[in-house]
Structures are given as structure tokens and as C-alpha cells.
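First the structure, then my questions, so here it is.
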Amino acid sequence: MSAYDAVIIGGGPGGYVAAIRAAQLGLTVACVDKRPTLGGTCLNVGCIPSKALLQSSWLFDMAARQMGAHGIDVGTPGLDLGAMMQRKEKVVGDLTKGITQLFKKNGVTHVTGTATLKDANTVSVAKDDGSTEVLETRNVVLATGSESAHLPGLDVDERRVVTSTGALALERVPGHLVVVGAGVIGLELGSVWRRLGAQVTVVEYLDRILPTMDGEVSKTMQRTLKKQGLAFRTGQRVTGAEIGDDGVTLSLEPVKGGEGSTLEADTVLVAVGRRPNTDGLGLDAAGVATDERGFIPVDDHFRTGAAGVYAIGDVVGGQMLAHKAEDEGVAVAEILAGQHGHIDYDAIPSVVYTHPEAAGMGATEEDLKEQGADYVAGRFPMSANSRARAIGDTEGFVKILAHAGTDEVLGCHIVAPEAGDLISEVVLGREFRAASEDIARTCHAHPQLGEAVKEAALDALGRAIHA
Ligand code: FAD
Ligand code: NAD
């Protein structure tokens, strides 16, 4: 049996992109995934189904609550949740099949089954039919991703107590959905079910929502989502749960001490982060270590401690984002082919797909204060942007953080409709080490939401025109 140049374990955004790029560069590649469909968490139970439901629920909300302001009377819209879920499944199915086609086009061998390392050059794959296939390889890329973290005392049954996977497939709109964790999943999926009619309460351990984002973003998002009907209980710890046939009673205690309380829920979504997937992977046999949280540490060439074994994506930690995993997939494939793959982790945007969206890149204002950096902040409110006014969507702002001496852009934080698209120009600017002056002097079409980015850059220079 001839050895592959690379066997990639995991067919998510990290693994499948690494496989395609490595094949483009002339390497012989096999990609193993235990799921029957490619695309990993992102395509099957993550980014894509959640965005499909965010879009459907947004349209429902528009019809139910927003079209009247435009003089359009559509009456009371009806909800066919089954049809909405079927549409989501079709979007997922079409995209996962698309990856299978890309593998065929690029000559990547797709192996379905659970992979275990026997040593650094041998991968054993256990298949559903009970057979085993052994793959010999010169290099292994571990791209096994992550799974939902659980909370002690709150057993997930994917019925009453669900992870994101269950929350993407509920059979009816819950009366009261309690979300534990005010991170990205909690706010995105909380928004979906709120728009479809559920009462939603979000319980968060820390004293603010979206705790890893810029403080001003957290504050604005909490205010805006509250207006949309989401209730927040920050600074609360879940201390216990009683799961009955009709619902769940959660016990809460303030983190800072004081009187506890209870919350009755029809469904509880546990969204307190994700943990790396390494169980049964045979890391010991290959000499690959993990850190105290179970992630696989790598150097800046994605090398684990074991010669010829690399790791990328969620399983190595850092920002657990599909595009970060994809970029690491490209970089590791280029390194395997003798090129110089590299990632600038300060130029990776993160986006929360609520309405409005929240987007961030680079340093937050809190980071800069902690570093004692000499910075200026340029701000522009969406309420002063003419396109935002025309579309009736004026919540939010753009903030650009630049070095006070060199004017180099250090961070950008946006709450706005389409914030995830708006931030792209600043990410590109960051790749070229742009100054806020570069963005301020770039012509932006009028009337566009992106003019707010230009105005924030102008404000960093003390010369905004429209505010
Ligand atoms: P994964 O996508 O997790 O893929 C790993 C694959 O490895 C899986 O298919 C798994 O079956 C396979 N595997 C694991 N162990 C083995 C084994 N031993 N043998 C064979 N196969 C194995 N990120 C964004 O950037 N934008 C978003 O909008 C977004 N939305 C999300 C929404 C939700 C609800 C969730 C849960 C996540 C979301 N994410 C989003 C995060 C994103 O999905 C992950 O960061 C991304 O999928 C990580 O890619 P990966 O390739 O590292 O791992
Ligand atoms: P997260 O890390 O974004 O948020 C988890 C939240 O739970 C935090 O606010 C944390 O303080 C809180 N928390 C932790 N323990 C708690 C406890 N015991 N009680 C109450 N609150 C607690 O994690 P997530 O929302 O589960 O998402 C997982 C990963 O998936 C994230 O890394 C995220 O980047 C990724 N993801 C990304 C997107 C996107 O890019 N749009 C969407 C969904 C998920």
C-alpha cells in the first residue's frame, strides 16, 4: 500500500480546506470524517443551519412587526415551522454535497469512519459496517474540531435541555426558552426563537453579555436585544436543575452572593462554550500532547510535539471560528508543500449574526487600556448614516481604534445591519497595516452603510463630516 502525503482527520472547514489546498499543490491526500456528510460542525450543525434559521426568523419578524412602518399590511403571518426546518435542511444538504464535488474535482480521497492514530504515520479508520481501513501517511493533520461543553447538574437530553444542535431542530416554538450563556450561540439562537414567538431569558455568569467583545459593543447589543424582547440575567450562576415532563426548573444564584432564585423553562439551551474533540483519537500512541483544557498546542507552523503530526482549527483553541479554521487549513497545506503559510491573528474578524449584527477585529478598547497603549477612538453612530435612515435600521455605531502616534488601525468594532460585511474593508486595511487616514481617504459610495466606517476613520483624525 503506498503512503499518502497527508491524511487529514476531520472534514470541517479546517480539514476540508486543508485537503483541497494540499491537493491543489500536488500532494496525495485523504480526508477522514466520521459524519457521512462533509463540512463538519459548521455546515452540518453550526454556521449554516443557524444562518438559515436566522434569515427565516428575520423574515417572519419583518412580516409580523416591521412591514407596517413601510405602509405594507400583510396581516398576521402564519408560521410553518416544519417548512422552515426543511428549507434549512436543504441549504445544509446542498452545501455539504458541494464539498463532496470539490473533493472529486481536486482528487481528494474521502474516507468515512472514525479515525484513530496508531502511530504518527498510521491512521486506522473504523467504518459503520464494522470493517477497518488502515491509511499509511507521511503527515497527519488533526482537524477534529469541537463539541458543546456541558454544565454539571444540567444533563443534556436534546429535548428539554439542548445544545445548539437540539436548538436548531426544535419541533415546536417553546413557551419559555432559557439560554445559559450570553455568548454567540446564546444570542443568535435566542434571537431565532424570540422572533418566532418564544419568551427568551438569557442567563450569563459574567456581568455582561458577549464578554470577549469590545465593552461598548456588549452594552449596545444588550440594550438593543432587550428592546427586541430578550431578557437578561447577568452575574448569575446555575446551581441546579429539576427536569420534569413539562419543563425544567433552574436554580440560580448571584455570582457575587445573595439570595438565589428559580426560573421555569420549557426548554433550556446550554451555550457555555465548546470543548476540543480528542477522545479516542489515539494521541498518546502518536506522542501528541494536550494542554490542561484538552486543546492540542501547536507552534506557528501548526506542528504538534510529534514529528509529521500537525493540528488546526477548533481543536487547537484560539478563536473557534470557521474562517480561522479555513485559513489555518490553507496555511498548513502550504507548509506541507514546502511553502510559507502564515496567519495574522489580529486580522481575523468575528461576527455575531443577530440583528443588528456585531462585528469586531483586533484590539478592543479594554485591551488597549490594559496594555497602556496610546490610542485614539473614532466613532460614528448609525443614526447619522443616511442609508441606515432610509432603510429604517439605525441602531449601532462604528468604532475605529488607531495608534495615537502612527495612526495605524489597531481595532474596529461595529454594531450595525451587515456589520459582518462592513468590517471586511477594515480587515483588508489591517492586512496592509492601514492607517485610519487610508480608510478616511478611500471613496465610499453614497448612500451606503459603509460610509459610517469612513466617518469613524475621519473621527479618529478629529474631522468627521456628518456628526
Ligand atoms: P469542525 O467543523 O468541528 O469539524 C471537525 C470534524 O471532525 C467533524 O465533522 C467531526 O465529525 C470530525 N471528527 C472528529 N473526530 C473525528 C475522528 N476521530 N475521526 C473522524 N472524524 C472526526 N463559526 C463562524 O465562523 N461563523 C459562524 O457563523 C458560526 N456559527 C456557528 C454556529 C453554531 C451553532 C456552532 C456550534 C458553531 C458555529 N461556528 C461559527 C463555529 C464553527 O462551526 C467552528 O469554528 C468550525 O466548524 C471549526 O472547524 P473545524 O474544521 O476546526 O472543526
Ligand atoms: P462563547 O464562548 O461565545 O460564550 C459562552 C458564554 O457562556 C460566555 O459569555 C460565558 O461567560 C458564559 N458562561 C460560561 N459558563 C457559564 C455558566 N456556568 N453559567 C452561565 N454562563 C456561562 O460560547 P458559545 O456561544 O457556546 O459558542 C461556542 C463557540 O462557537 C464560540 O467560540 C464561538 O466563537 C463559536 N460560534 C461562532 C459563531 C459566529 O461566529 N457567529 C456563532 C456560533 C458559535
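Looking only at residues that are of a type outside the set (A, V, I, L, M, F, W, C) and crowded, with 24+ Cβ neighbours inside 10 Å in region 182-193, which one is nearest to ligand 1 (Cβ to nearest atom)?
Gly186
Take the residues of region 317-343 that are of a type in the set (A, V, I, L, M, F, W, C) and more than 8 Å from ligand 1 (Cβ to nearest atom): which is farthest from Ala6 (Cα to Cα)?
Among residues in region 317-343 that are of a type in the set (A, V, I, L, M, F, W, C) and more than 8 Å from ligand 1 (Cβ to nearest atom), the one farthest from Ala6 (Cα to Cα) is Ile343.
Per-residue answers, yes or no, for (1) in the same structural domain as Gln24 (by TED's automatic domain parsing); (2) under 24 Å from Ala419 (Cβ atoms); (3) over 15 Å from the mean Cα position of the chain (by Cα):
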residue: Ile296; (1), (2), (3): yes, no, yes
residue: His323; (1), (2), (3): yes, yes, no
residue: His355; (1), (2), (3): no, yes, yes
residue: Asp367; (1), (2), (3): no, yes, yes
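Then there is this: Check Arg237, Arg274 and return the single one that is buried (at least 19 other Cβ atoms within 10 Å of the Cβ), charged (D, E, K, R) and closer than 23 Å to Leu151 by Cα.
Answer to the check: Arg274.
Still on this structure, I have one more. Do you know which of the residues in region 115-129 that are under 27 Å from Leu336 (Cα atoms) and not in a strand (DSSP E or B) is farthest from ligand 2 (Cβ to nearest atom)?
Among those residues, the one meeting the criterion is Asn121.
Can you tell me how many residues in region 240-252 are closer than 19 Å to His150 by Cβ and either out of contact with any Ser or Thr (no Cβ under 9 Å at 6 or more places or on another chain) or not small (Gly, Ala, Ser) (or both)?
Of the residues in region 240-252, 6 are closer than 19 Å to His150 by Cβ and either out of contact with any Ser or Thr (no Cβ under 9 Å at 6 or more places or on another chain) or not small (Gly, Ala, Ser) (or both).
Now, a different point. Does Ser164 count as more than 20 Å from Pro49 (Cβ to Cβ) and either away from ligand 2 (no atom under 12 Å from the Cβ) or touching a residue at least 40 places away in the same chain (Cβ under 8 Å) (or both)?
In short, no.
Same structure, new question: I'd like the full set of residues that are touching a residue at least 40 places away in the same chain (Cβ under 8 Å) and near ligand 2 (Cβ under 9 Å from one of its atoms), limited to region 235-244.
Hit for region 235-244 is Val238, nothing else.
Picking from Val203, Val178, which residue would you name as being touching a Gly at 6+ places or on another chain (Cβ under 8 Å) and either farther than 24 Å from Met320 by Cβ or open to solvent by less than 20 Å² (accessible area, probe 1.4 Å) (or both)?
Checking each option against the conditions leaves just Val203.
Same structure again: Using beta carbons and a limit of 6 Å, which pairs, at least six apart or on different chains, have the first residue in region 433-453 and assigned by TED's automatic domain parsing to the domain that holds Thr394 and the second one of a type in the set (Val, Ile, Thr) and open to solvent by less than 60 Å² (accessible area, probe 1.4 Å)?
That search, which allows pairs on different chains as well, returns Ala434/Val409; Ser436/Ile400; Ser436/Val409; Ala452/Val398; Val453/Val398.
Which one of these does Gly183 not meet: (1) under 22 Å from Pro13 (Cα atoms); (2) more than 9 Å from ligand 2 (Cβ to nearest atom)?
(2)
Could you say whether any residue in region 139-150 is modelled with pLDDT of 95 or more, more than 9 Å from ligand 2 (Cβ to nearest atom), surrounded by fewer than 16 Cβ atoms within 10 Å (Cβ to Cβ) and acidic (Asp, Glu)?
Looking for residues that are modelled with pLDDT of 95 or more, more than 9 Å from ligand 2 (Cβ to nearest atom), surrounded by fewer than 16 Cβ atoms within 10 Å (Cβ to Cβ) and acidic (Asp, Glu), one finds none in region 139-150, hence no.
Follow-up. Which of the residues spanning region 16-43 are outside any helix (DSSP H, G or I) and either under 21 Å from Asp128 (Cα atoms) or of a type in the set (Lys, Arg) (or both)?
Ala30, Cys31, Val32, Asp33, Lys34, Arg35, Pro36, Thr37, Leu38, Gly39
Follow-up question, since we're still on this one. Could you please find all residues in region 49-65 being under 18 Å from Glu357 (Cβ atoms), surrounded by fewer than 20 Cβ atoms within 10 Å (Cβ to Cβ) and either within 11 Å of ligand 2 (Cβ to nearest atom) or free of Cβ contacts under 8 Å to residues at least 12 places away in the same chain (or both)?
Within region 49-65, Lys51, Leu54, Gln55, Leu59, Met62 qualify.
I've got another one for you. Checking Ile296 against (1) part of a strand (DSSP E or B); (2) within 27 Å of Leu117 (Cβ to Cβ), which test does it fail?
For Ile296, the failing item is (1).
Separate question: Does region 294-302 contain at least one residue that is away from ligand 1 (no atom under 16 Å from the Cβ), of a type outside the set (S, T, N, Q), surrounded by fewer than 21 Cβ atoms within 10 Å (Cβ to Cβ) and within 27 Å of Leu53 (Cα to Cα)?
Looking through region 294-302, none of the residues is away from ligand 1 (no atom under 16 Å from the Cβ), of a type outside the set (S, T, N, Q), surrounded by fewer than 21 Cβ atoms within 10 Å (Cβ to Cβ) and within 27 Å of Leu53 (Cα to Cα).
Under 27 Å from Glu370 (Cα atoms), out of contact with any Pro (no Cβ under 7 Å at 6 or more places or on another chain), more than 11 Å from ligand 2 (Cβ to nearest atom) and small (Gly, Ala, Ser): which single residue out of Gly257, Gly215, Gly229 fits that description?
Gly215
The values are calculated or read from the model by the stated rules, or taken from the named source; none is laboratory data. Not measured: the values here are computed from a predicted model. Every residue, glycine among them, receives a Cβ derived from its backbone with ideal geometry; neighbour counts consider all protein chains shown. The area values use the complete protein model at the heavy-atom level, side chains included, leaving out ligands, DNA and RNA. Shrake-Rupley method; radii C 1.70, N 1.55, O 1.52, S 1.80 Å.
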